[in-house]
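Just below is one structure, and these are the notes that go with it.
The values are calculated or read from the model by the stated rules, or taken from the named source; none is laboratory data. Note that the structure is a prediction, hence the values are computed from the model and not measured. Please note: Cβ atoms are built from the backbone with ideal geometry, for glycine as well, and neighbour counts cover all protein chains shown.
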Amino acid sequence: MNRLLVALSFFAVLLFGAVASQAVHAQSALSEQHLQRIRQNCVTAQTALNQLHASDALLRVNRGQLYENISTKLMAPLNSRIALNRHEGLKLAATTLEYDRQTDVFRSSYKDYEESMSRLLQINCAEQPAEFYESVQETREKRQRLHEDTETLTMLLRAYKTEFEDFSSDFGGGAE
Amino acid sequence: MSEEELIAEAEHLNAWQRHKFMVLVGLTIALSLVLVSVSLWLYNTSGAAQLDLSRPGYQSVRDQVGQDTDFEGYASSGVIDEAALDEFRKLYDEQLERATAVESFGGSVMSNEALGIDAPTAQTQ
């Protein structure tokens, strides 16, 4: 029983220490002037973040539709048509697979980003400026990852276009 | 059956027989709460919540959702010839242009400067 109490006390001290050091670290990383500036611009920052949250949701829906349409209504039908006509379309099919995989990564990254943004919007920056600042940084990193995912998708779309033009020129050359 | 007979019969019922209707109602409510909790959990974890623009806070952007339902796409059957390839090229270029025209989720709108939470310089102190 005593051992159990000692062990529980030890873990409680460890947990308290970790939480306290985290709070101290968050406070100490920023100067008092910086914290004051965050408090002063708190309403402006939160308004901007709220607008960004809404416009990002719209962008996600529209982009999601666009990416989905390209895959299901353009890439897949062309690959199918090439296969049905017994032409060589392995590169196009491989790029489509990679593109579909990357759209899943995009969806997952957006979910992470949106959850982080929702947590950020719940922080009262007038009372917790240091936590707010840290949360902004974390959300910004997730937004950067999301941006990179869209860049990768753009790169794959261009790669598919290049492969299509190669196929088209080979096809034209073969037909002559 | 008269009222007296019903009362006499009810006196012989045990607790379960007397309250089974209330238990049934209680179990139905409990089951519906469990099912609602499961559906809300699925709604949040599946990513559907992030796409749901009917939530409060999205009124301003709700009517700006693009309607791509009329985009029929490319036929998956048919011959492959120059005309078919040209048709695909035209459709693909249109969508490629839409996908690459604007930078998505750029970082500048969320910079410290844009939000007004950057560290004050010596001059502003």
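Restricting attention to the stretch A:72-89, the residues being touching a residue at least 24 places away in the same chain (Cβ under 8 Å), surrounded by 18 or more Cβ atoms within 10 Å (Cβ to Cβ) and not β-branched (Val, Ile, Thr) number 3. Evaluated against (1) farther than 30 Å from A:Ala29 by Cβ; (2) surrounded by fewer than 13 Cβ atoms within 10 Å (Cβ to Cβ), A:Gln122 falls short on exactly one condition, (1). Out of the residues in the stretch B:86-115 that are assigned to a loop (DSSP other than H, G, I, E, B) and not charged (D, E, K, R), state the one that is nearest to A:Phe132 (Cα to Cα). The extreme case among them is B:Ser111.
In the stretch A:37-50, of all residues being polar (S, T, N, Q) and in contact (Cβ under 8 Å) with a residue 24 or more places away in the chain, the one that is farthest from the other protein chains (Cβ to nearest Cβ) corresponds to A:Gln46.
Residues checked against (1) touching a residue at least 40 places away in the same chain (Cβ under 8 Å); (2) over 30 Å from B:Lys90 (Cβ atoms); (3) outside any helix (DSSP H, G or I); (4) more than 8 Å from chain B (Cβ to nearest Cβ):
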residue	(1), (2), (3), (4)
A:Asp104	no, no, no, yes
A:Ser118	yes, yes, no, yes
A:Ala126	yes, yes, yes, yes
A:Asp149	yes, no, no, yes
A:Leu156	yes, no, no, yes
A:Ala159	yes, no, no, yes
A:Thr162	no, no, no, yes
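With respect to being more than 23 Å from A:His53 (Cβ to Cβ) and modelled with pLDDT of 90 or more, B:Asp68 falls outside the description. Per the listing A:Ala94, A:Ala130, the residue uniquely more than 7 Å from chain B (Cβ to nearest Cβ), of a type in the set (A, V, I, L, M), crowded, with 16+ Cβ neighbours inside 10 Å and farther than 22 Å from B:Pro56 by Cα is A:Ala130. Within the stretch A:34-70, the residues that satisfy the criterion of being within 25 Å of the chain's Cα centre (by Cα) and either more than 30 Å from B:Asp118 (Cα to Cα) or not in a helix (DSSP H, G or I) (or both) are A:Val61, A:Asn62, A:Arg63, A:Gly64, A:Gln65, A:Leu66, A:Tyr67, A:Glu68, A:Asn69, A:Ile70. For A:Leu78, which of the numbered conditions (1) of a type in the set (A, V, I, L, M, F, W, C); (2) touching a helix residue (DSSP H, G or I) at 6+ places or on another chain (Cβ under 9 Å); (3) more than 8 Å from chain B (Cβ to nearest Cβ) fails to hold? Only one criterion is unmet by A:Leu78, namely (3). The residue pairs whose first member lies in the stretch B:64-87 and is within 7 Å of chain A (Cβ to nearest Cβ), whose second member is surrounded by 11 or more Cβ atoms within 10 Å (Cβ to Cβ) and among the hydroxyl-bearing types (Ser, Thr, Tyr), and whose beta carbons are closer than 7 Å, counting only pairs six or more residues apart or on different chains, are B:Ser76/A:Ser80; B:Leu85/A:Ser168. Screening the stretch A:133-147 for residues that are in contact (Cβ under 8 Å) with a residue 40 or more places away in the chain and of a type outside the set (A, V, I, L, M) and picking the one that is nearest to the other protein chains (Cβ to nearest Cβ) gives A:Tyr133. The conditions of being in contact with a helix residue (DSSP H, G or I) (Cβ under 7 Å, 6 or more places away or on another chain) and closer than 20 Å to A:Asp149 by Cα are not met by A:Thr72.
Residues being outside any helix (DSSP H, G or I) and surrounded by 12 or more Cβ atoms within 10 Å (Cβ to Cβ) are entirely absent from the stretch B:29-43.
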